[in-house]
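> The structure is given below, and queries will be raised subsequently.
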Amino acid sequence: MIEHASNNGIAVLTMRHGKANALDIEFCEGLTTRFAALREGNAKAVVLTGQGGIFSAGVDLRRLSEGGADYIRQFLPALHRLYNAVFFHPKPVVAAINGHAVAGGAILAACADRRIMARGNGRIGVTELLVGVPFPTLAFEILRFATPARFLSEFTLSGATYAIDAALERGWIDELAEPEELLEDAIAVAAELAKLSPPAVAQTKQQLRVQVAERYAASGAATDEAVTEIWCADATLSNVRAYVERTLKT
């Protein structure tokens, strides 16, 4: 599910969960556990990547539609814990985006301090509203933090995904790499960040993210309650099933 390697003190996590690294409860919990362990371990920084042509296709919609409201009420807290673990990780995190990063997968990439995407056919963007679901509070706040304010409405309301050049121009990613050089480049970026004082990095990351934490503390629970009810509604589940039938052929 998650392959863990070490490269000169840099932890390299490679997601290997099915064909698309789709986010389900078990996968979210597995990644969360990995990041929790790395907080206390000897790794100086983390590189997160996928395999093949997909970084992560986002929420496992088939599992969602089959599990219904009972599954959703377990899944959304697991998704929150994953984003919380990656976004607030005290050490440098670099996303090596090897291919498509869509919806929840794009948000997972946005949790990183730096995002490097492989040249090719991969696309990145959040398609939640096309599926018919709103953004959980932390997911939305991560988007607000990680992407330029002038594009936030476009990103969230359009449901668009962007090819690499447009993604770079709009701030979804920080730089591009040739596919065969992606991991090497990401490790090099992580290694540079790892040279900085760990306590200073951790404190600076905390300061950078303080508004996200404050917004969540102020209204996150109430917003997530409303979001959960929309995700669990019969009309929403019908939309999800229709979307799966239209778009997921295999």
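The values are calculated or read from the model by the stated rules, or taken from the named source; none is laboratory data. Quantities reported herein were computed from a predicted structural model and do not represent experimental measurements. No Cβ is skipped: glycine too gets one built from the backbone with ideal geometry, and neighbour counts run over all protein chains shown.
> Restricting attention to the range 114-146, which residues are more than 19 Å from residue 79 (Cβ to Cβ), surrounded by fewer than 22 Cβ atoms within 10 Å (Cβ to Cβ) and either small (Gly, Ala, Ser) or within 17 Å of the chain's Cα centre (by Cα) (or both)?
Matches in the range 114-146: 114, 120, 123.
> Additional query: So is residue 167 under 18 Å from the mean Cα position of the chain (by Cα), surrounded by 16 or more Cβ atoms within 10 Å (Cβ to Cβ) and assigned to a strand (DSSP E or B) or not?
So residue 167 does not fit the description; no.
> Identify, please: which residue in the range 186-202 is in a helix (DSSP H, G or I) and free of Cβ contacts under 8 Å to residues at least 12 places away in the same chain and is, among those, nearest to residue 96 (Cα to Cα)?
For the range 186-202, the residue satisfying everything is 188.
> Go through the range 43-56 and give me each residue that's at pLDDT 95 or above and in a loop (DSSP other than H, G, I, E, B).
43, 44, 50, 53
> Can you tell which of 85, 106, 95, 37 is surrounded by fewer than 24 Cβ atoms within 10 Å (Cβ to Cβ), in contact with a helix residue (DSSP H, G or I) (Cβ under 9 Å, 6 or more places away or on another chain) and either in a strand (DSSP E or B) or of a type in the set (A, V, I, L, M, F, W, C) (or both)?
Answer to the selection: 85.
> Ok, one more. Counting just the residues of the range 1-34 that are in a loop (DSSP other than H, G, I, E, B) and either within 17 Å of residue 87 (Cα to Cα) or hydrophobic (A, V, I, L, M, F, W, C) (or both), which one comes out modelled with the lowest pLDDT?
1
> For the range 229-240, does any single residue satisfy the condition of being within 20 Å of residue 137 (Cα to Cα), surrounded by 13 or more Cβ atoms within 10 Å (Cβ to Cβ), among the aliphatic types (A, V, I, L, M) and without any contact (Cβ under 8 Å) to a residue 12 or more places away in the chain?
Checking the range 229-240: at least one residue is within 20 Å of residue 137 (Cα to Cα), surrounded by 13 or more Cβ atoms within 10 Å (Cβ to Cβ), among the aliphatic types (A, V, I, L, M) and without any contact (Cβ under 8 Å) to a residue 12 or more places away in the chain.
> When the residues of the range 5-24 are narrowed to those that are surrounded by fewer than 17 Cβ atoms within 10 Å (Cβ to Cβ) and in contact with a strand residue (DSSP E or B) (Cβ under 6 Å, 6 or more places away or on another chain), which ends up farthest from residue 188 (Cα to Cα)?
Across the range 5-24, the extreme among qualifying residues is 16.
> Moving on to the next point. Under 17 Å from residue 191 (Cα atoms), among the β-branched types (Val, Ile, Thr) and crowded, with 21+ Cβ neighbours inside 10 Å, is that true of residue 59?
Considered against the rule, which asks whether it is under 17 Å from residue 191 (Cα atoms), among the β-branched types (Val, Ile, Thr) and crowded, with 21+ Cβ neighbours inside 10 Å, residue 59 comes out as no.
> For residue 144, are the conditions met, namely being part of a helix (DSSP H, G or I), farther than 26 Å from residue 89 by Cβ and at pLDDT 95 or above?
Judged against the criteria, residue 144 is not a match.
> Then there's this: Among the residues of the range 19-35, how many are over 17 Å from residue 244 (Cα atoms) and either without any contact (Cβ under 8 Å) to a residue 40 or more places away in the chain or within 14 Å of the chain's Cα centre (by Cα) (or both)?
The total comes to 10.
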